[in-house]
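Heads up, the thing below is written out as structure tokens.
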Amino acid sequence: MKIFSQAPTNIAVIKYWGKNPKFEDYHIPTKSSLSFSVLDFYTKTYLDFKPGNGTIFLELNNKKINPNSEEFLYIKNFFEKLSTLIKEIKNYDYSIKTENNFPTAAGFASSASGVAALAVAIAKVFELSEPKIFEKYFNSEQKISSIARIGSGSAARSVPSAGGCVLWSKPKQDLTTQDLNKIFFCSDAKTLFPPNHWEDLRIFYIQLEKKEKKIKSRSGMKQSVSSCPIYSNWVDYEENILLPSIIKAIEKKDFENFAKSTIKASNGLHAIMYYTFPRIRYLTDKSEQIIELVLDINSKSTKLAYSFDAGPNPVLFTLKDYQEEILDALSSVVNKKDIFITKPGAGAFAKVI
Ligand code: DP6
């Protein structure tokens, strides 16, 4: 039987950077994060399955992926981890054909949309073929979001079908258990505001560099948790002050406060990276140039926010009314063809085809 699924990429305004070291493999975040599901960048996945023993065939952007390659092992590892709790995962063989509608090499994260699309497709497998297992592990979007989290933390935020502004919450209590069921389902994401809540919000992806990042997020954040001297202060500040204030700004569509909080959160993430040992630096001179431009524009009135992940490419937030003016201002620093304008969109879905 064949399943089709689709999941958007997401851009975090309050970042995820660190896991509980006691449960490293299960991606339990040290703090909550907040993102927007992105309308125009997504992964499409075709999943064929039949009774078997967990064999995987993988095709990425129309290219067969070698079982020894990094991408293949990444997906295999996801299935292996799922099967530690859900043994029935191994009852099937899977043929996965997946494609991104954005250039993977462009430095835009693809793990979130890719893993989310796979998670909703796997949930569909069990809905169709093993209702009891489905009931136990997949019968809500929040559970499927947790399942996606096991593959890649930020993928949890690409799952909620309503998309828009999504909150991925850290666990409510400190985890002391070895109970895998609790470890799996202790932290998930849900939509706070649907995409049409803030119709005028615009998201600019700017491609400054096409190169892959040198330090992967996974190892970088591990280094930060163990070596950054101000890590826990950052976690407390973001969880208790910045997150509530940005949620309030989004709720009220208060662009000025939204932009200030977004900029602070991006600065905070990169400060933590810089104060990690050994130092992690993703921003380049070109990135700094964009930051200067944003600050310059905002010195008159707040029209822009920047946000950087584990790479040099900025994501900017603005409002529809300022879009043309911002594009003009950016043209002094970047080529127009390297700017992709989009807005918040829906989340993931899966269907039988
Ligand atoms: C900087 O989700 O890629 O983009 O959980 O190890 O797979 P793993 O990490 P990943 O980390 C993304 C980090 C980030 C910030 C964010 O998206 O919140």
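The values are calculated or read from the model by the stated rules, or taken from the named source; none is laboratory data. Values in this document were obtained by computation on a predicted structure and should not be read as measured data. Please note: Cβ atoms are built from the backbone with ideal geometry, for glycine as well, and neighbour counts cover all protein chains shown. To get the accessible areas, we keep the full protein, side chains included, count just its heavy atoms, and leave off ligands, DNA and RNA. Shrake-Rupley method; radii C 1.70, N 1.55, O 1.52, S 1.80 Å.
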Amide N of the range 10-31 lying under 18 Å from the label point, which is placed 7 angstrom from the Cα of ASN257 along Cα→Cβ
13-14
A chain fully extended from GLN178 to GLN289 at 0.36 nm per residue, minus the present Cα-Cα distance, gains in nm 35.2 nm
Which of the pairs LYS303/LYS336; LYS50/LYS182; LYS172/LYS264 have their Cα atoms more than 21 Å apart in this structure?
LYS50/LYS182; LYS172/LYS264
Positive-end extreme of charge dipole, the range 229-323 - chosen from ILE272, PHE317, ILE230 (charges on Cβ)
PHE317
Compute the accessible area per residue over the chain, keeping the other protein chains in place, probe 1.4 Å, unit Å².
44 Å²
Helix 217-227 versus the longest principal axis of the chain: what is the Cα-based angle in degrees, 0 to 90, to the nearest 10?
70 degrees
Estimated dipole of the chain in Debye, rounded to 20 [Cβ of Lys and Arg +1, of Asp and Glu -1, Cα centre]
640 debye
Can you pull the percent of the range 32-145's accessible area that's carbon plus sulfur, 1.4 Å probe, other chains left in place?
52 percent
The summed charge of the ALA350 Cβ neighbourhood (under 15 Å; Lys/Arg +1, Asp/Glu -1) stands at +3
Based on Cα positions only, what radius of gyration and what Dmax would you give for the range 47-178, in angstroms?
15.0, 44
On the accessible surface of the range 158-238, probed at 1.4 Å with all protein chains in place, carbon and sulfur together account for a percent value of 50 percent
Using a 1.4 Å probe over the heavy atoms of the protein chains, calculate the carbon and sulfur portion of the accessible area of the range 240-353 as a whole percent.
52 percent
Cα-Cα separations in the chain greater than 28 Å, expressed as whole percent:
41 percent
The helix 285-298 Cα axis meets the longest alpha-carbon principal axis of the chain at an angle in degrees, between 0 and 90 and rounded to 10, of 60 degrees
For the range 126-137, in residue order, the Karplus 3J(HN,Hα) values (coefficients 6.51, -1.76, 1.60; θ = phi - 60°; whole Hz; Gly and Pro = x) are 6, 4, 7, 10, 9, x, 5, 5, 4, 4, 6, 10
In the neighborhood of ASN335, defined by Cβ-to-Cβ distances under 13 Å, what is the net charge if each Lys or Arg adds +1 and each Asp or Glu adds -1?
+2
